[in-house]
Amino acid sequence: FAAVQKLARDQGTHLAIRVEEEPISVTTGDQIECDRAELSGTVVYTWADATGVYAAAVDKSTSAVIMTPKLVTNWGDRPRVIALSTKILLFGKNGSLDLACYALDPADPKTALDGAETVVFSAAGGFSLYYDVERGPSADTAIFAARRSPNTSYEVGTVTAALVIAKATKARTCDGPI
C-alpha cells in the first residue's frame, strides 16, 4: 500500500490542453473539404457545404476581411487552392461535372470569382472526383492529375497563373484515388 501511495504522489497534476480557435469565415452549413493558400499577405480559404463551394480571403497580418464568404456558383465538390508566384488558383468540380479553375489576384480575389470559370478539362471525357493539384516546378504553374470516368484513363497537365492549360490523357487504368 505504501508503494501505491508514493506512486500517486509522484505523478503530479496534469492540466487539460488549451486550444485556441478563431472563426475566419462562417456559413450556416457544415464546412467540409476545406483548403487554404497564402500569397502576398492574403490567405484564401475554400470549403464546401450542402449549398455549394465557398471562398473567402483575409489579410494575414491584420486578419482583416478582404473577401467575405462568396458562394462559387454552379460548383460541386472538392475545392482546392494553390498559391503560385502571382495568383492563387481555385480548382473544383463545377455543375457541369468539369474540372474548372479561377485565377485569384491576392489583392482582389473577388473580381475573378465574379467572372467566368476556366474549364481545365471537360466532363465529356468523364471526370471523377479523384483529382489533385500541386504547385509545379515553375513558380507560376500548377500540375494536376485527375481520374477519368470510366477509370481506364487519367488526365495530367499544367495550368499557369494566366490560365493557360496544357494536358494529356494517359490511357492507363486508374482504379484508385490520385
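The values are calculated or read from the model by the stated rules, or taken from the named source; none is laboratory data. Since this is a predicted model, take the numbers as computed values, not measurements. In this analysis, Cβ positions are derived from the backbone assuming ideal geometry, glycine residues included, and neighbour counts consider all displayed protein chains. Accessible surface areas use protein heavy atoms only, side chains included; no ligands, DNA or RNA. Shrake-Rupley method; radii C 1.70, N 1.55, O 1.52, S 1.80 Å.
May I ask you to give the solvent-accessible area per residue for segment 24-94, in square angstrom, as obtained with a 1.4 angstrom probe?
45
Using a 1.4 Å probe and ignoring any ligands, DNA or RNA, find the accessible area of Ile165 and quote it in Å² to the nearest 10.
Here the accessible area works out near 50 Å².
Excluding same-chain residues fewer than 8 positions from Lys110, which aspartates and glutamates have a Cα within less than 12 Å of its Cα?
Output for Lys110: empty list, no partners.
What ³J(HN,Hα) values, in whole Hz, does the Karplus curve 6.51 cos²θ - 1.76 cosθ + 1.60 give for segment 62-71 when θ = phi - 60°, with x put for Gly and Pro?
Whole-Hz 3J(HN,Hα) from phi for segment 62-71: 10, 6, 5, 6, 8, 9, 5, x, 10, 6.
Net charge within 12 Å of Ala107 by Cβ-Cβ distance, Lys/Arg positive one each and Asp/Glu negative one each, not counting Ala107 itself?
Every neighbour counted, the sum reads -1.
For Cys34, Cys174, give me the order by solvent-accessible area with a 1.4 Å probe, most accessible first, ignoring ligands, DNA and RNA.
From most exposed to least exposed: Cys34, Cys174.
Classify segment 25-147: rounded, prolate or oblate, from the alpha-carbon gyration tensor (a ≥ b ≥ c, eigenvalue square roots; a/c under 1.5 rounded; otherwise prolate if a/b is larger than b/c)?
The shape class here is oblate.
Quick one: accessible surface of Asp105, probe radius 1.4 Å, all protein chains present, in square angstrom to the nearest 10.
Rounded to the nearest 10, the figure is 60 Å².
Assuming a ≥ b ≥ c are the square roots of the Cα gyration tensor eigenvalues, decide whether segment 65-114 counts as rounded (a/c under 1.5), prolate (otherwise, with a/b larger than b/c) or oblate.
The shape class here is oblate.
Amide H neighbours of Phe121 under 5 Å, counting only residues 5+ apart in sequence or on other chains, H built in-plane at 1.01 Å?
Leu99
If the reach is capped at under 18 angstrom between alpha carbons, list the lysines near Lys93, excluding any in the same chain fewer than eight residues apart.
Lys70, Lys167
If amide H atoms are built 1.01 Å from N in the plane of the peptide, which residues on other chains or at least 5 residues away come under 5 Å of the amide H of Gly136?
Amide H neighbours of Gly136, under 5 Å, 5+ apart: Thr141, Ala142, Ile143.
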